[in-house]
Amino acid sequence: MATQQELTGKSCEPCRGGIPPMDRAMAENYLVHVPGWSIKPNPDRLERDYRFSNFREAQHFAMRVGDLCEAEGHHAEILYGWGHCTVTFWTHKIKGLHENDFIMAAKVEGLMDEPYAPVSESMGDVSPTARHG
């Protein structure tokens, strides 16, 4: 069984389907290596809600998660709003959990260690009051 550090060192392997999803006992063994994540049913999936002090930080985190998903070729469901970002992983082709989901959860945890960088000044003023009719 891989530790969180070992999981972050792995890359997702394409899942072509035709294999059964991870059973609940195995998933719970993996779960101990991604603290803060939980298993939700129907289909079994990994989920974690992250908290932030404002909308912009939550949005920035969601974008970093999206970039990671693109780089790994394994995509999350991402829901964010003011002060929160919920990230959910499962392997759609097998309708359940695969080691790839735990690899991604571990890698998302690593994103929390990166400092928040505000949106580039080159975007100009993006506040609602800056909008023009």
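The values are calculated or read from the model by the stated rules, or taken from the named source; none is laboratory data. Computed from a prediction, not measured in an experiment: that's the story for all the values here. Methodologically, a virtual Cβ is constructed for each residue, glycine included, from the backbone with ideal geometry; neighbour enumeration extends over all protein chains shown. To get the accessible areas, we keep the full protein, side chains included, count just its heavy atoms, and leave off ligands, DNA and RNA. Shrake-Rupley method; radii C 1.70, N 1.55, O 1.52, S 1.80 Å.
A few remarks follow.
- The set of residues in the stretch 25-59 being assigned to a helix (DSSP H, G or I) and under 20 Å from Ala106 (Cβ atoms) consists of Ala25, Met26, Ala27, Glu28, Asn29, Tyr30, Leu31.
- No other residue among Gly17, Gly36, Gly83, Gly66 is over 20 Å from Asp113 (Cα atoms) and not aromatic (Phe, Trp, Tyr) apart from Gly17.
- Count of the stretch 1-18 residues, restricted to those that are touching a His at 6+ places or on another chain (Cβ under 8 Å) and open to solvent by less than 80 Å² (accessible area, probe 1.4 Å), is 6.
- Of all residues in the stretch 6-18, those that are under 15 Å from His74 (Cβ atoms) and assigned to a loop (DSSP other than H, G, I, E, B) total 8.
- Scanning the stretch 29-41 turns up at least one residue that is surrounded by fewer than 14 Cβ atoms within 10 Å (Cβ to Cβ), touching a strand residue (DSSP E or B) at 6+ places or on another chain (Cβ under 6 Å) and more than 15 Å from His98 (Cα to Cα).
- In the stretch 24-43, the residues that are free of Cβ contacts under 8 Å to residues at least 60 places away in the same chain reach residues that are outside any helix (DSSP H, G or I) and of a type in the set (Asp, Glu) with C-beta atoms within less than 9 angstrom, at least six apart or across chains, in these pairs: Arg24/Asp44; Ser38/Glu47; Ile39/Glu47; Lys40/Glu47.
Conditions tested, residue by residue: (1) surrounded by fewer than 21 Cβ atoms within 10 Å (Cβ to Cβ); (2) among the β-branched types (Val, Ile, Thr); (3) in contact (Cβ under 8 Å) with a residue 40 or more places away in the chain.
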| position | (1), (2), (3) |
| --- | --- |
| Tyr50 | yes, no, yes |
| Asn54 | yes, no, no |
| Ala71 | yes, no, no |
| His74 | no, no, yes |
| Thr91 | no, yes, yes |
| Lys95 | yes, no, yes |
| Glu99 | yes, no, yes |
| Phe102 | no, no, yes |
| Gly110 | yes, no, yes |
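- Each residue in the stretch 80-101 was checked for being under 28 Å from Glu28 (Cβ atoms) and more than 10 Å from the chain's Cα centre (by Cα), and 13 of them qualify.
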